[in-house]
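The structure appears right after this line, and notes come after that.
What follows draws every value from the coordinates through simple rules; no lab data is involved. All values reported here derive from a predicted model rather than from experimental measurement. Don't worry about glycine lacking a Cβ; one is built from the backbone with ideal geometry, like all the others, and counts go over all protein chains shown.
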Amino acid sequence: MNFREHLTTIAARDSRYAIEGYLFVFDALEFTRGLRNERGSDAFRIESTTLLRDEVAEHVTGRELCLGVCRLSRAQFGLLAWSILTEWGIRTTADLGEIVFNLIAAGDLETTPTDSRADFDRLFDLEETLRAEMEFDLDKPD
């Protein structure tokens, strides 16, 4: 079974989220880790350890991952970021936590005993954060 088929199985168990949402969370996890490594420990504060199976890596907290999702989605999708995430079923930071914990339950991510779904609850308004700084003025010259 390839990874996409595996994600199809996970998505079938929790149909709130599209396969693309799961894939994007994996991409955002790597993106967020990359930001931390690129900018040093001050870019994101790392508190404990979440690992991809069979991979030694730094932990990304729930808040860090949610912010990484915002940064990556804005970079990849621009003004369509909110629309695309909602198409995949992602409307809140808690939705991102549900995806992460679905992946943990499937054995694709590991977590520490202190990590919980509550780490993702109501961190910030995802729509507002995605739309922030994305406004533009058509009357303003370049």
For every other residue with a beta carbon closer than 14 angstrom to the beta carbon of R91, add +1 if it is Lys or Arg and -1 if Asp or Glu, then tell me the sum. -4
Quick check on packing: order 24-34, 82-92 by the mean number of other C-beta atoms within 10 Å, highest mean leading. 24-34, 82-92
